[in-house]
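Chemist: Below is a structure I'd like to ask you about.
The values are calculated or read from the model by the stated rules, or taken from the named source; none is laboratory data. Predicted model only: the values in this text are computed from it and were never measured. Neighbour counts are summed over all protein chains in view; Cβ atoms, including those assigned to glycine, are modelled from backbone coordinates with ideal geometry. Each accessible area value is taken on the protein alone, full model and side chains, heavy atoms only, with ligands, DNA and RNA left out. Shrake-Rupley method; radii C 1.70, N 1.55, O 1.52, S 1.80 Å.
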Amino acid sequence: MSTAADLLQERRLMKFGFIVEANVPHGLTQHRRYKQMIDEAVFAEEAGFDFWGASEQHFMGNIGMSATEVMYAAVAAKTSRIRLRHMIRLLLKFNHPLRIAEQLTTLDLISDGRAELGTGRSNSIIALNAFGIDPTETRAQWNESLDIIATALSEEWTEHKGKYWTIPPTYLTPKPLQEPHPPLSVAASSMEMHQIAGEKGIGCMGFDNYLGWGRVEDAAKLYKEAIKAPTAQVGKCVNDTLSFLVLPAYCAKTREKALKEGGPTVIEFLRVVIQVYENLAKTSPDYAYMAESGTIASMLDDIDQLLEHTPGVLCGTPEYFVEQIARLESLGYDEVILRVDGDMTHRQIMEALDLIGAHVIPSFKSPRNVMWGSPFGEGTTFLP
């Protein structure tokens with residue numbers, strides 16, 4: 001007879017991640033918002049989220065966390081179960097790969113083996129210009145840095161001679177608690193990067209650039225096929241997890257409340273994204289695909305059309321969240337990462353996390369325990 005553990009191995013349960021980007025609403029201090037984000041991470045653990053993380057961003061005004069490694073230490077100290085995934089660390093020249101490896105392994109120790117490394121190459125021309133990074137070289141820098149980090153995490157000694165870094169025989173310390181090393185993944189918004197993630201044998205945090213369900217399905221198929229037999233594996237183990245990023249997400253008891261409180265954040269965030277992506281698309285052939293996001297500009301005045309078009313935005317009731325995430329699951333996605341952040345109050349964010357934890361997550365972890373109504377129809381007779 002199969003045990004519960006056997007059944008869990010047969011069917012990978014959907015996992016839920018919570019990502020923050022240090023969005024500071026108008027009139028609020030950064031000091032207060034950073035304290036709130038720690039409280040939100042602690043509450044996310046209580047609500048049943050599987051992992052928490054932040055996106056490394058630089059010089060973006062009221063959006064972005066520049067020293068994510070500091071925030072991870074604070075959250076690690078106040079939590080015990082939720083995993084801590086960088087979403088993402090920028091693998092570029094200004095972040096030495098050995099420093100990233102050292103910070104990751106230290107986090108792994110103080111968190112009792114909960115650290116994960118999600119990587120990327122930046123989606124901000126502001127940061128690239130400030131740090132003197134040529135946009136045409138970001139993919140090559142990411143690729144070389146990832147190789148160094150994977151070697152440092154999995155081998156006793158690291159030695160490297162490449163285009164961007166030369167490292168003599170070096171012993172990384174501390175070593176990670178997880179064996180053989182913390183999971184590795186990459187943020188992928190292009191079809192090409194979904195393919196590369198699979199070839200490298202790393203997890204893929206996918207995003208459709210708001211291009212719609214067709215793109216979501218095609219990207220999943222591409223990654224799932226490539227990850228079957230990685231041709232350029234990095235590290236000692238394959239991470240075949242496919243995630244979907246929802247940027248942003250807001251859950252409320254009624255659809256009207258969700259659109260009233262979360263709708264403005266959705267529209268404003270997408271306006272910023274379209275502008276940022278269009279500017280970056282002009283800088284390098286590797287970023288040219290980002291101009292595609294501009295195709296949704298006409299939908300910004302029709303949020304109903306937008307929500308039907310793409311799962312890259314979720315704004316609605318718990319039932320709506322369950323429907324959309326179940327559709328992602330049917331396409332092969334193993335995780336959903338929700339950006340519950342924006343120009344909402346701390347209380348609204350906490351209420352959204354509570355609803356997701358109380359109704360949405362259990363619908364995938366233990367669906368028979370979720371009561372959406374009485375199982376007895378009108379007129380049911382209980383006694384003969």
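Chemist: Output wanted: per-residue J couplings in Hz (rounded whole) for segment 90-104, from phi through Karplus 6.51 cos²θ - 1.76 cosθ + 1.60, θ = phi - 60°, x for Gly and Pro.
Modeler: Each residue's phi maps through the Karplus curve to give 8, 8, 10, 3, 6, 10, 5, x, 5, 5, 4, 4, 4, 5, 5 Hz.
Chemist: Another question, if that's okay. Once amide H atoms are built 1.01 Å from N in the peptide plane, which residues 5 or more positions from ALA188, or in another chain, come under 5 Å H to H?
Modeler: Under 5 Å from the amide H of ALA188: MET205, GLY206, PHE207.
Chemist: Please give the solvent-accessible surface of SER80 in Å², to the nearest 10, using a probe radius of 1.4 Å with every protein chain present.
Modeler: That residue has around 90 Å² of solvent-accessible surface.
Chemist: Now for a different question. Whole-Hz ³J(HN,Hα) for each residue in segment 158-174, computed from phi via Karplus 6.51 cos²θ - 1.76 cosθ + 1.60 with θ = phi - 60°, x for glycine and proline: what do you get?
Modeler: These are the phi-based 3J(HN,Hα) values: 10, 9, 8, 9, x, 6, 10, 9, 10, 10, x, x, 9, 9, 6, 9, x Hz.
Chemist: Follow-up. For a quick check of understanding: with a 1.4 angstrom probe and all protein chains in place, what accessible area in square angstrom does SER366 have, to the nearest ten?
Modeler: Estimated to the nearest 10 Å², SER366 gives 50 Å².
Chemist: Next question, about the same structure. Expressed in whole Å with the largest first, what are the equivalent ellipsoid semi-axes of segment 1-142 derived from the C-alpha gyration tensor as the square root of 5 times each eigenvalue?
Modeler: 29, 20, 14
Chemist: A further question follows. At 1.4 Å probe size, what's the solvent-accessible area of ASP302? Round to the nearest 10 Å².
Modeler: 60
Chemist: Just to confirm the number: angle between the C-alpha axis of helix 191-200 and the first principal axis of the chain, 0 to 90 degrees, nearest 10?
Modeler: 70
Chemist: I need two numbers for segment 227-384: Rg to one decimal and Dmax as a whole number, Cα atoms only, in Å.
Modeler: 19.6, 76
Chemist: Among the trypsin sites (Lys or Arg not before Pro) in segment 43-91, which ones are in a DSSP loop with at most 16 other Cβ atoms within 10 Å of the Cβ? Mind listing them?
Modeler: Qualifying residues, ordered by number: ARG81.
Chemist: At a 10 angstrom cut-off on C-beta neighbours, averaged per residue, how do the peptides 25-32, 114-121 rank from highest to lowest?
Modeler: 114-121, 25-32
Chemist: Next question, about the same structure. Divide, for segment 148-233, the radius of gyration over alpha carbons by 2.2 N^0.38 Å, where N is the residue count.
Modeler: Working it through for segment 148-233, the quotient is 1.33.
Chemist: I would also like to ask the following. What number comes out for the charge environment of ASP343, summing +1 per Lys or Arg and -1 per Asp or Glu over other residues with Cβ under 11 Å away?
Modeler: So the environment of ASP343 carries a net charge of -3.
Chemist: Here is a further query. How large are Rg and Dmax for segment 107-193 when calculated on the C-alpha trace, in angstrom?
Modeler: Gyration radius and largest Cα-Cα distance of segment 107-193: 14.8, 39 Å.
Chemist: Next question, about the same structure. Out of residues 5 or more away from LYS15 or on other chains, whose amide H comes under 5 Å of its own, with H placed 1.01 Å from N in the peptide plane?
Modeler: Placed amide hydrogens put GLU335, VAL336 under 5 Å from LYS15.
Chemist: Roughly how far apart, in whole Å, are the Cα centres of segment 169-232 and segment 135-154?
Modeler: Comparing the Cα centres of segment 169-232 and segment 135-154, I get a distance of 13 Å.
Chemist: Taking the Cα centre of segment 281-375 as origin and charging only Cβ (+1 Lys, Arg; -1 Asp, Glu), how large is the dipole, in debye to the nearest 20?
Modeler: Computed about the Cα centre, the dipole is about 280 debye.
Chemist: Quick check on the chain: helices-only [θ] at 222 nm, where DSSP H runs of length 4 and up contribute -39,500 (n - 2.57) each and the sum goes over total residues. Nearest 500, please.
Modeler: Result for the chain, helices only: -13000 deg cm²/dmol.
Chemist: Take the alpha-carbon positions of the chain, form their convex hull, and give its projected area averaged over all directions (one quarter of the hull surface) in nm².
Modeler: Hull-based average projected area comes out at 22.2 nm².
Chemist: Right, next: What is the Å³ per residue value for the convex hull set by the Cα atoms of segment 274-359?
Modeler: Value for segment 274-359: 133 Å³ per residue.
Chemist: Ignoring ligands, DNA and RNA, please state the percent of accessible area on segment 165-248 from carbon and sulfur, probe 1.4 Å.
Modeler: In segment 165-248, the share of accessible area belonging to carbon and sulfur is 55 percent.
Chemist: If you don't mind, there's one more thing I want to ask. Can you work out ³J(HN,Hα) from phi for every residue in segment 216-223, in order, using Karplus 6.51 cos²θ - 1.76 cosθ + 1.60 and θ = phi - 60°, giving whole Hz and x for Gly and Pro?
Modeler: Each residue of segment 216-223 in turn: 4, 5, 5, 5, 4, 4, 4, 5 Hz.
Chemist: So which residue, out of HIS58, HIS309, HIS160, gets the largest mean-square fluctuation from a GNM of the chain using Cα contacts under 10 Å as springs?
Modeler: Comparing HIS58, HIS309, HIS160 in a Gaussian network model of the chain, the most mobile one is HIS160.
Chemist: Placing +1 on the Cβ of each Lys and Arg and -1 on the Cβ of each Asp and Glu in the chain, which of VAL42, GLN348, GLY214 has its Cα farthest towards the positive end of the resulting dipole?
Modeler: Result: VAL42, furthest along the dipole toward the positive end.
Chemist: Now, a different point. Which whole-number percentage describes the relative contact order of segment 126-191, with Cα contacts under 8 Å and a sequence gap of 6 or more?
Modeler: Relative contact order comes out at 21 percent.
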